[in-house]
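Taking it in order: structure first as structure tokens, then the write-up.
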Number of protein chains: 2
Amino acid sequence: MMNSLEEKSLPQKISEDIISLILEENLQPGDKLPNETILSERLNAGRSSVREAMKLLASRNIVTIRQGSGTYIASSPGMVEDPLGFTFIGNKQKLIHDLLEVRFLLEPSIAAMAATNAEEKDIKKITALCDEVEVLLNNHEDHTHKDIEFHAAIALSSKNVVVPRLIPVINSSIPLFVESTGNTLHKETIETHREIADAIAAHDPLRAQDAMYLHLVYNRKRIHLAMK
Amino acid sequence: MMNSLEEKSLPQKISEDIISLILEENLQPGDKLPNETILSERLNAGRSSVREAMKLLASRNIVTIRQGSGTYIASSPGMVEDPLGFTFIGNKQKLIHDLLEVRFLLEPSIAAMAATNAEEKDIKKITALCDEVEVLLNNHEDHTHKDIEFHAAIALSSKNVVVPRLIPVINSSIPLFVESTGNTLHKETIETHREIADAIAAHDPLRAQDAMYLHLVYNRKRIHLAMK
């Protein structure tokens, strides 16, 4: 991970102090941070160093700097774009294959957990997203964004706190899947998404798990065909 | 993820141009980037903006800036410390429980994949780390760092390109596990680690998978005891 042997710069050290402060004060997404003057006094640091530290925190998506308004805790603090660095995996076919392998390990069990733990509001959200993806597919419009949201809503319903942070990262691959299957999985996507949503709504873990397996199997078959 | 609705600053845009350049030129970890003068010409940007962009890339661990020497591709480009923002999950007991739940989904299958795909050099590495953890445990020294390396070596042997990026993130929790089990799992850790290493060396996927399950079961039992 981060090379801890390298010397930390002053702004890096101050950014860590600010993280400690966020945790101590239990600041939540959307909360405003104290202004630069207050922070530089509390942390015993120069204002320009505090400003540099804030830029580092913004680049890690821990805070959001709104010009003229102030600095706020980000909506999913610490979740950066492409956190596992998939951009830097050169072989995209291998990446697609291996991401799908990881989805097989995670998503069927997560669907089962969602069927067990989903509350009424979760089920409404999952069903609504299932409807939206179906409409987009039928209209031959881009459904990838809503597809990712559908799987993220299931992850959230599992009530495991790690899973909702993990699944959007793994499913950042959905656009790659859609592209590599030539966008030909309309009928199968609609049917298996519906079966997953219905099984979760019926609180039937095994049915949800099997529906998710079927969904992934269709994807793997098409991807293998496309890669030949 | 990153809020794409917010305006990107000039250094952010330039940092994306530099990422494109890294990908186009297929620069690998340890490779040196062109210097500031060359980059500012190629990207048609001011040198101070290029410098700001490099700081952003360094904070995302894509490049490493070595004072007086130059800027290099980081060893695991794009892998930042705590990429899923676990720091910001307040309830650490729930986090420990849920991370272990995710380890149950991933690690037994990964151990099986490693048993199938490990090469001789992988097996040597896994066995050596298994030995090192055993020595540290017997000497009552801190084994957490080597324990994480042991599981990371297994992930690497799976030959799935996503898994080695995922497992160290999930296993960043090992120090929390060790702490919450009161560091009492010496005998079980030694025995199950050895069984995992031997099964991978014997290229026996099912035995490796079962050994990993047993390892995780011991952990879950102790954690539940400790949480009571």
Exercise. Answer with yes or no whether residue A:96 is buried (at least 19 other Cβ atoms within 10 Å of the Cβ) and closer than 25 Å to residue B:110 by Cβ.
Key: yes
Practice problem: Return yes when residue A:64 is part of a strand (DSSP E or B), modelled with pLDDT of 90 or more, at the interface with chain B (Cβ under 10 Å from one of its Cβ atoms) and surrounded by 15 or more Cβ atoms within 10 Å (Cβ to Cβ) and no when it is not. | Solution: yes
Quiz prompt | Neighbours by Cβ (under 6 Å, 6+ apart or cross-chain): first from region A:200-228, closer than 18 Å to residue A:178 by Cβ; second part of a helix (DSSP H, G or I) and modelled with pLDDT of 95 or more | solution = A:212/A:107; A:212/A:108; A:212/A:111; A:212/A:196; A:214/A:192; A:215/A:192; A:216/A:103; A:216/A:104
Quiz prompt | Residue in region B:103-115 that is buried (at least 17 other Cβ atoms within 10 Å of the Cβ) and free of Cβ contacts under 8 Å to residues at least 12 places away in the same chain present | solution = yes
Practice problem: Could you please find all residues in region A:43-53 being under 11 Å from residue A:13 (Cα atoms) and more than 14 Å from chain B (Cβ to nearest Cβ)? | Solution: A:43, A:45, A:50
Quiz item: Name the pairs whose Cβ atoms lie under 7 Å apart, with the first residue in region B:159-179 and within 9 Å of chain A (Cβ to nearest Cβ) and farther than 19 Å from residue B:224 by Cα, the second surrounded by fewer than 22 Cβ atoms within 10 Å (Cβ to Cβ) and modelled with pLDDT under 75, and 6 or more positions between them or separate chains?
Solution: B:168/A:1
Quiz prompt | Residues located in region A:110-161, provided they are within 17 Å of residue A:207 (Cβ to Cβ) and assigned to a loop (DSSP other than H, G, I, E, B) | solution = A:118, A:158
Exercise. Quick one: in region A:19-36, of everything that is free of Cβ contacts under 8 Å to residues at least 40 places away in the same chain and part of a helix (DSSP H, G or I), which residue is farthest from residue B:90 (Cα to Cα)?
Key: A:36
Quiz item: Here is a list of conditions, (1) under 22 Å from residue B:28 (Cβ atoms); (2) within 7 Å of chain B (Cβ to nearest Cβ), and residue A:56 meets all of them except one; can you say which number that is?
Solution: (1)
Quiz item: Is it true that residue A:81 is of a type in the set (D, E, K, R) and either within 7 Å of chain B (Cβ to nearest Cβ) or in contact with a Leu (Cβ under 8 Å, 6 or more places away or on another chain) (or both)?
Solution: yes
Self-check item: Residue in region A:77-89 that is assigned to a loop (DSSP other than H, G, I, E, B) and over 15 Å from the mean Cα position of the chain (by Cα) present
Solution: yes
Quiz item: Within the bounds of region B:126-145, is there any residue that is modelled with pLDDT under 90, more than 16 Å from the chain's Cα centre (by Cα) and small (Gly, Ala, Ser)?
Solution: no
Quiz item: Taking the stated definitions as given, is residue B:192 in contact with a helix residue (DSSP H, G or I) (Cβ under 6 Å, 6 or more places away or on another chain), over 29 Å from residue A:165 (Cα atoms) and within 14 Å of another protein chain (Cβ to nearest Cβ)?
Solution: no
Quiz item: Going through region A:14-39 one residue at a time, which ones are within 9 Å of chain B (Cβ to nearest Cβ), closer than 14 Å to residue A:55 by Cα and among the aliphatic types (A, V, I, L, M)?
Solution: A:19
Quiz item: Limited to region A:37-51, what total is found for residues that are under 27 Å from residue B:89 (Cβ atoms) and assigned to a helix (DSSP H, G or I)?
Solution: 4
Quiz item: Looking at this structure, is residue A:124 within 14 Å of chain B (Cβ to nearest Cβ), under 30 Å from residue B:89 (Cα atoms) and of a type in the set (Lys, Arg)?
Solution: no
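The values are calculated or read from the model by the stated rules, or taken from the named source; none is laboratory data. The model shown is predicted, which means the values in this text are computed figures rather than measured ones. Positions of Cβ are backbone-derived with ideal geometry, glycine not excepted, and every protein chain shown enters the neighbour counts.
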